[in-house]
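The values are calculated or read from the model by the stated rules, or taken from the named source; none is laboratory data. Worth saying up front: this structure is predicted, and the values here are computed from it rather than measured. Using ideal geometry, Cβ is built from the backbone for each residue, glycine included, and neighbour counts are taken over all protein chains shown.
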Amino acid sequence: MWFEPLIESIYIFDIEAFKYMKIPFFKFHGALNDFVLLDGRTQDYSTLGTETVAQICDRHAGIGGDGLIILEIRNNKPHMKYFNSDGKEGTMCGNGGRCFTAFCHMLGICDNELLFDAIDGPHRSLIIARHSEQQYTVKLEMKNVDGFTSMGDDCVVDTGSPHYVSLCENLVDMDVVMEGKRVRNSPDFKEKGINVNFISKSPDGILIRTYERGVENETKACGTGSVAAAIIAYEKGLVKSTENIRVHTLGGELIVDFIKDGTAYHHINLTGSAAFVFEGVFKTNRI
């Protein structure tokens, strides 16, 4: 009969297309800069591709996040492997490092202190307060900074990730996405990209808004950007001390302190929140 081929076609499908990978995940945020965290000790994520990471970070088709972090053990030591939300492996993430610390504490890997490696080298972090089972305050020691480069009135500084810092007056009304995209895609930075930070003075510190490469949008906070902003704010006279510099992001307050030695900066610490949001299992047929 005419409908018999149609009935047969219903039962003909590609079994390979229906295979999927189960990915247990944990969701954290640091000052609303949010991340998906995976435990690489219990499952091999070495074949996790760019498209899959991007799908996981997609706020409509996935879990949603500014980045993805995999906990690995290398040389008997925790290692933080970080990906931007575009699926490509990224450089150091300060807010992610604090969330990574809280994650390791939840998994029983550390008590209040954690020594771990990231793409920019070793880090030490300390849980200085645990407000609840889900809310932490974490101090993270960042890499030393050799100095910065002036570009007119603006500056470029590498704090584990490259940052462009620009002082502005009307930060509230600024179109950060348009201006950030313009700098990030300018001839000087188009090939490798750069994070773009706009800062202004506040009564008790500085205000900051950040356009992040890899996310290609404004984020609620940026840890390495806050460190870069604090250093430049001190150099430009927006703050008078290198201790307890209050950096007000869209997602909350971060505290930066450092020691200046000549043109270099060391003992740099980034302190702020790390919050566990939820956990689950993500299924994807992209491996």
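Identification of strands (runs of 3 or more DSSP E) wholly contained in region 28-118 with 3 or more residues that are closer than 20 Å to residue 195 by Cβ and in contact (Cβ under 8 Å) with a residue 12 or more places away in the chain yields 33-39, 67-74, 77-84. Each residue in region 122-139 was checked for being closer than 20 Å to residue 74 by Cα and under 16 Å from the mean Cα position of the chain (by Cα), and 2 of them qualify. Taken together, the criteria place residue 54 among residues that are farther than 23 Å from residue 271 by Cβ and crowded, with 19+ Cβ neighbours inside 10 Å. Summed over region 210-225, the residues that are in a loop (DSSP other than H, G, I, E, B) and either at pLDDT below 95 or not acidic (Asp, Glu) (or both) give a count of 6. Give the residue that is surrounded by the fewest Cβ atoms within 10 Å (Cβ to Cβ), with candidates limited to residues of region 112-138 that are closer than 21 Å to residue 26 by Cβ and charged (D, E, K, R). Step by step, filter region 112-138, then rank; the result is 133.
Restricting region 151-166 to residues that are free of Cβ contacts under 8 Å to residues at least 40 places away in the same chain and not in a strand (DSSP E or B), the residue that is surrounded by the most Cβ atoms within 10 Å (Cβ to Cβ) is 153.
Inspection of region 125-138 identifies at least one residue that is small (Gly, Ala, Ser), under 28 Å from residue 275 (Cβ atoms), assigned to a strand (DSSP E or B) and in the same structural domain as residue 28 (by TED's automatic domain parsing). For the structure I just gave you, tell me whether residue 172 is farther than 19 Å from residue 82 by Cβ and either surrounded by fewer than 24 Cβ atoms within 10 Å (Cβ to Cβ) or out of contact with any strand residue (DSSP E or B) (no Cβ under 9 Å at 6 or more places or on another chain) (or both). Criteria met by residue 172.
The criterion of at least 2 residues that are at pLDDT 95 or above and under 30 Å from residue 47 (Cβ atoms) is met by the following strands (runs of 3 or more DSSP E) wholly inside region 226-287: 264-284.
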